[in-house]
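The block underneath contains the structure these notes are about, expressed in C-alpha cells.
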Amino acid sequence: MPKPHPRQESLRQRHLLQEGIRKGITTPTGLIAFGRGEAFDYLLGEKTTPPAKKAIETAAARLLLASRPVISVNGNTAALCPRELIALSNELNCPLEVNLFYGPASRRKKISAFFQKRGKKILGAQKTVPLPGLSSLRANVDPNGILKADTVLVPLEDGDRTQALKKARKFVIAIDLNPLSRTARTADISIVDNVVRAIPALTRQIRKMKKQRTALQKTLNAFSNSRNLKESEQIIRKGKLS
Ligand code: PTJ
C-alpha cells in the first residue's frame, strides 16, 4: 500500500476485503456492496455525522437494556473489523454469530476459525435451525443465538432478513451507510455510518453509558429512526443538516 496516500484509509479497507476474499471468508460480491457503501461514505464526509452519533448513543442504550443481545457477523464485517467486533461482544458480554447471505456453507466454518484464531469462539457454524419467513441462507440461525435473541445488531445487511427478524419480534439495530435501504428503513435503530467507525464508537459509548444506567430508557424513548434517517439523507443530498 503506498504511504502516505490521500485515500489511505479507503485503500486499507479495500485491501482488508481483498485479503478476506483470498482467505475465503468474504464473498466476491462483498466488494460490490462495499463500493456502494463507500460512495455514500464519501458523501457523508467519511465521518461519523451527528445523526449517526445519536443513533450510536441510542443503540448503546438499547444493547445495555437488552436481555439477550447478539451481534451478527458476515463476510465483510469479519474482514473489515474482527478485533473491534470482539471488543464490542466482550464489552456487552454477548455472542457473535456468523450469518451469511452467500454460499458456500463452508464459509461459516472459515469465519468461525478466523475468530477462533483471534481467541473468540463464535456461534452459527455448528448446528443451525431455520428462522421462519426467510428463503436465503441467512435463515440458518443458532438455536442459542439469534433464534433466542431479543436484540440483534446487523452490520451491513440485506432487507429481507431485517424484515424476518422484525416478524420474529426481535429489536433490530442496523449499521448501513445507505439511509434509503430497506434494512435502514425496517430496523428499529439504523446507524448510517461505516462499520469500521461505528463498531468501535458503539463500544466506547457502551462503556460510557454503563456508568449512567438510569438514563438508558429515556434515551431510547426519545429516538425516532425515520427522523434520524431523514437527517442523514439531507447530509448526503444537500451536504448539510436539515
Ligand atoms: O458475507 P455475506 O454472504 O453475508 O454477504 C455480505 C454482503 C454485504 C455482500 C451482503 O449482505 C449484501 O449483498 O449486502 P447488500 O444487499 O449489498 O447491502 C449492503 C449494504 O451495506 C448497502 O446498503 C451498502 O451501502 C452498505 N455498506 C457497504 N459497506 C459498508 C456498508 N455499510 C456500513 N459500512 C460499510 N463498510
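The values are calculated or read from the model by the stated rules, or taken from the named source; none is laboratory data. If you're wondering where the values come from, they're calculated on a predicted model, not measured in any experiment. Cβ atoms come from the backbone with ideal geometry, glycine included; neighbour counts cover every protein chain shown. Each accessible area value is taken on the protein alone, full model and side chains, heavy atoms only, with ligands, DNA and RNA left out. Shrake-Rupley method; radii C 1.70, N 1.55, O 1.52, S 1.80 Å.
R83 passes every criterion in (1) within 20 Å of R68 (Cα to Cα); (2) within 18 Å of the chain's Cα centre (by Cα); (3) not hydrophobic (A, V, I, L, M, F, W, C) apart from (1). Please give the number of the condition L100 fails out of (1) under 30 Å from T219 (Cα atoms); (2) of a type in the set (A, V, I, L, M, F, W, C); (3) within 15 Å of the ligand (Cβ to nearest atom). Unmet condition: (1). Scanning the stretch 73-87 for residues that are free of Cβ contacts under 8 Å to residues at least 40 places away in the same chain and farther than 30 Å from K218 by Cα turns up at least one hit. In the stretch 153-167 there is at least one residue matching the filter, namely being more than 16 Å from the ligand (Cβ to nearest atom), touching a residue at least 12 places away in the same chain (Cβ under 8 Å) and more than 13 Å from I56 (Cα to Cα). The listed residues are A184, A149, and the only one of them that is among the small types (G, A, S), more than 16 Å from the ligand (Cβ to nearest atom) and modelled with pLDDT of 95 or more turns out to be A149.
Scanning the stretch 163-172 for any residue that is open to solvent by less than 50 Å² (accessible area, probe 1.4 Å), over 15 Å from V73 (Cα atoms) and assigned to a strand (DSSP E or B) turns up at least one such residue.
Considering only the stretch 110-149, state which residues are open to solvent by 40 Å² or more (accessible area, probe 1.4 Å), farther than 17 Å from L88 by Cβ and part of a loop (DSSP other than H, G, I, E, B). Answer for the stretch 110-149, where residues must be open to solvent by 40 Å² or more (accessible area, probe 1.4 Å), farther than 17 Å from L88 by Cβ and part of a loop (DSSP other than H, G, I, E, B): Q126, K127, T128, P132, G133, S135, N144, L147, K148. Residues in the stretch 91-109 that are closer than 26 Å to G159 by Cβ and of a type in the set (D, E, K, R) were compared, and the one that is most open to solvent (accessible area, probe 1.4 Å) is R108.
Figure legend. Inter-residue proximity from the stretch 11-35: first residues over 20 Å from F115 (Cβ atoms) and within 8 Å of the ligand (Cβ to nearest atom), second residues part of a loop (DSSP other than H, G, I, E, B) and among the hydroxyl-bearing types (S, T, Y), beta-carbon distance below 8 Å, spacing 6+ or different chains. Indicated pairs: T29/Y102. Taking (1) assigned to a helix (DSSP H, G or I); (2) modelled with pLDDT of 95 or more; (3) not hydrophobic (A, V, I, L, M, F, W, C) in turn, N178 satisfies each apart from (1).
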